[in-house]
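Derivation of every value follows stated rules applied to the coordinates shown; laboratory data play no part. Being a predicted model, the structure only gives us computed values, none of them experimental. Glycine gets a Cβ as well: all are built from the backbone with ideal geometry, and neighbour counts include every protein chain shown.
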Amino acid sequence: MESLDQPDSAAMRAYADELRDMFRQIQDAGMELHAQARGVQVTEKSRDGLVSVTVGPRGELVRLDLDPRIYRRPEARQLADTIVETAQRAAAGARERVTEILEPVIPRAELEAHLDGDVETALAHLAERMEGER
């Protein structure tokens with residue numbers, strides 16, 4: 001008799017088979033997808049068009065361009081806020097693009113949990129899949 005708290009062996013086998021298939025897919029497409037994800041760059045312009053921010057796949061700042069017209073309005077706090085807001089939109093865009101690239105081999109919810117550093121949710125997804133709950 002199996003405990004109600006333990007996943008049954010058939011579900012665990014099915015999950016192991018699914019992991020093996022996922023691993024094969026990642027292996028087959030991995031290098032190409034990895035190169036695509038590493039090459040992601042997203043550029044966003046501020047609403048006023050005076051600030052342009054480019055970020056890489058992890059949201060890291062790659063380039064910052066400031067239109068010379070910003071010096072006509074010397075509000076440093078406003079400029080700083082504009083740069084931060086524009087960089088945040090660019091980082092969100094980069095994250096979405098990386099997720100789209102990797103989604104064929106890594107389920108979106110699991111990838112997002114990992115990108116968020118949300119170990120609890122990532123483990124919950126793993127437990128659900130092991131129990132066959134999807």
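Quick notes on this one:
- Flag for Asp116 being surrounded by fewer than 17 Cβ atoms within 10 Å (Cβ to Cβ), touching a strand residue (DSSP E or B) at 6+ places or on another chain (Cβ under 8 Å) and not small (Gly, Ala, Ser): no
- Being of a type in the set (D, E, K, R), in a helix (DSSP H, G or I), farther than 30 Å from Glu131 by Cα and out of contact with any Cys (no Cβ under 8 Å at 6 or more places or on another chain) holds for only one residue in Arg13, Arg69, Arg58, Arg63, and it is Arg69.
- Once the stretch 26-52 is narrowed to residues that are over 19 Å from the mean Cα position of the chain (by Cα) and among the polar types (S, T, N, Q), the residue that is nearest to Arg63 (Cα to Cα) is Ser52.
- Residue within the stretch 80-89 that is over 29 Å from Ser46 (Cα atoms) and either of a type in the set (S, T, N, Q) or touching a residue at least 40 places away in the same chain (Cβ under 8 Å) (or both) present: no
- Residues that are of a type in the set (A, V, I, L, M, F, W, C) and in a loop (DSSP other than H, G, I, E, B) were ranked within the stretch 90-109; the one that is nearest to Asp28 (Cα to Cα) is Val105.
- Taking the listed residues Arg47, Arg24, the one that is surrounded by fewer than 14 Cβ atoms within 10 Å (Cβ to Cβ) and part of a loop (DSSP other than H, G, I, E, B) is Arg47, with no other qualifying.
- From the list Ile70, Ile101, Ile106, the one residue that fits, being touching a Leu at 6+ places or on another chain (Cβ under 7 Å) and within 30 Å of Ala14 (Cβ to Cβ), is Ile101.
- Which listed residue is surrounded by 13 or more Cβ atoms within 10 Å (Cβ to Cβ) and more than 29 Å from Gly49 (Cβ to Cβ), from Thr121, Thr99: Thr121
- Residues in the stretch 29-44 that are in a loop (DSSP other than H, G, I, E, B) and in contact with a Lys or Arg (Cβ under 8 Å, 6 or more places away or on another chain): Val40 only.
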